[in-house]
Every structure is written in C-alpha cells, then in structure tokens.
1. Given that compact globular proteins tend to follow 2.2 N^0.38 Å, what is the ratio of the alpha-carbon Rg of segment B:35-98 to that value?
2. Among the complete DSSP H segments of chain B, which ones combine at least 27 Å of alpha-carbon extent along their axis with a mean Kyte-Doolittle hydropathy of 0.5 or more?
3. What whole number of Å gives the distance from the Cα centroid of segment B:1-77 to the Cα centroid of segment B:132-153?
4. At a 1.4 Å probe radius, carbon and sulfur cover how many percent of the accessible area of segment B:99-234?
5. What does the charge add up to near residue B:37, with Lys and Arg as +1, Asp and Glu as -1, over the other residues with Cβ less than 15 Å from its Cβ?
6. Any chance you could tell me what percent of the C-alpha pair distances in segment B:68-225 go past 19 Å?
7. Hey, if we sort B:169, B:77 by accessible area with the 1.4 Å probe, largest down, what's the order?
8. B plus A alone minus the pair: what accessible area, both sides summed, probe 1.4 Å, in Å² to 100?
Amino acid sequence: MTYAIIAYVLSILLWLVYLLALGRRLKSALDRR
Amino acid sequence: MTRDVPLWWRNGARWIWLLAAALVLASFWMVSRVPVERIMGPVQKIVYIHVPSAIVTLLAFGITFAAGIAYLATKQWIWDAIGAASCEVGLVFATVVMITGPLWARSAWNTWWTWEPRLTTFLILWILYAGYQVIRSSLKSGSKRTISAIMGVVFFANLPIVWKSVEWWRGSLHPRNVTMAPDMRQVLIFGMLAWFVVYLAAFERRLRLEWAREAYSREARDVADSAPLEARIR
C-alpha cells in the first residue's frame, strides 16, 4: 500500500511542479518587453 | 499576431482544464474503490497511473513525429511549436512512468530496476527525448526548428521497439497480454481517458507559450526593421 501511495503522491507532485513552472514561463513570455 | 492566443482558444482551454481536473479526481476515486488484486495486493493499483501515462507518452511522441514531418514539408512555425509542446508534455508523462515503474517493480519483482527489454528500451526513450529538450534549448533560432523536427522524426524509431520489446526479446518481465477483471479494466480505461485530457490541457498551455515566444520574436523583428526608417525621418 505504501508504495502505491508514494507512486501517486510523487506523480501528482511532479505534475504540480511542472504546471506551476509552465504557468510562470507563460506569464513571463506574455509580459516580456 | 497578438502576444496571447485568440479569445475562443482561451475560453475553450478553460473547459479542457476543468474537464481534466474532474476526470483525474474521478479516476483517483475509482482507483480507491476498485477491488484489491488478490496476489499483489494494493500495490497493483499503481497500474492505473503507470499504464495510462505510458500510453499517453507514446501518443505524445507520436504527435511530435507527425509534427516534425509536417514542419519539414511546410516549414510553418506552428508545426515546430506543436512538436516541441507535445514532446515536453510527453516527457513529463514518461517521467511519471519512470517514477511509478520502479515502485511497482520493488513489490512485484523484488528489485527497483532490472535490465529487461521494456525497461531498457523505455529508459533509452526517456534519455532520447530528454536530449531533445537539452539540444533544442541550446540551439539558436536559425537551425532550431529544422534540427528539432529531425530529432522528433529520428527518435520516433525507438517507439515501435519499446512497444514490441516484450515480443522481440526473451526475459521480459512485462506481460505480453494482460487479462483483467471487467471492473479493473474499466478503471484502467477511464484512467487513460483522464490522463489523455490532462495531456490535452498541458499541451494547450505549452503551445500557448510557443505562440507568445513567436509573437515576441516577430515584434522584435518588426522593431529592428523599422528602426533605420525612423532614424531617417528624424
């Protein structure tokens, strides 16, 4: 059970980090002067 | 060309994001409710995120391949943007596969890693497409698109090898065919749908980034072109 929970938690964390970083990259590309 | 995508695109994207979040939450709920597999126990539930992520990885790199061919044939920037966006999102899915796989293997095969055909070919796939990101980001705009398209086409050669590795080589620990109980299969197929919509949502956001970069470089080009003219008028 522990391994399954770790697998899901790590996957969700990876996605959150990627999507947050992507959002910041997009914002800086939109605001770039 | 405006810096951001048209309004209809942004509005549509909102719905895709909402749908993706709802489907993933529903998928997790189904995973928590589905019966525990008799021999492996709860750790078998990793399969409901591992397999859909692997399938979406192959799909994403397939789109990079198709976009690469389209770019080489037409030289239109949008194909390069589609290829790069799909490749990056595909790499995130591939990383999920690489994280969840060893956690499964530790329970099922009593090892974190073994050099069996599917694992080895998938690791090669991950390295190739991670290399795509590194090489693309290090290239100047002149050759960037052509070289990215060529990489997208050439690296695709590994995909059928990953797919067929369980049949082509002996010693594979991955099964050739899996028979699942209908309720388990249902959860797996729903997971594939949910993660495919996540792919669409992330792909849309990444493509928007390419759009903004293209708009910026056009603005910069226009400014550079108009500068001498302004100087003459003054």
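1. 1.53
2. B:7-33, B:47-74, B:77-108, B:117-138
3. 24 Å
4. Carbon and sulfur atoms account for 62 percent of the accessible area of segment B:99-234.
5. Cβ neighbours under 15 Å give a net charge of +3.
6. Here the tail beyond 19 Å accounts for 65 percent of pairs.
7. Per-residue accessible area, sorted high to low, gives B:169, B:77.
8. In total, this chain pair buries about 2500 Å².
The values are calculated or read from the model by the stated rules, or taken from the named source; none is laboratory data. None of the values given here were measured: they were computed from a predicted structure. Neighbour counts are summed over all protein chains in view; Cβ atoms, including those assigned to glycine, are modelled from backbone coordinates with ideal geometry. For the accessible areas, the whole protein counts, side chains as well, though only heavy atoms, and no ligand, DNA or RNA atoms are used. Shrake-Rupley method; radii C 1.70, N 1.55, O 1.52, S 1.80 Å.
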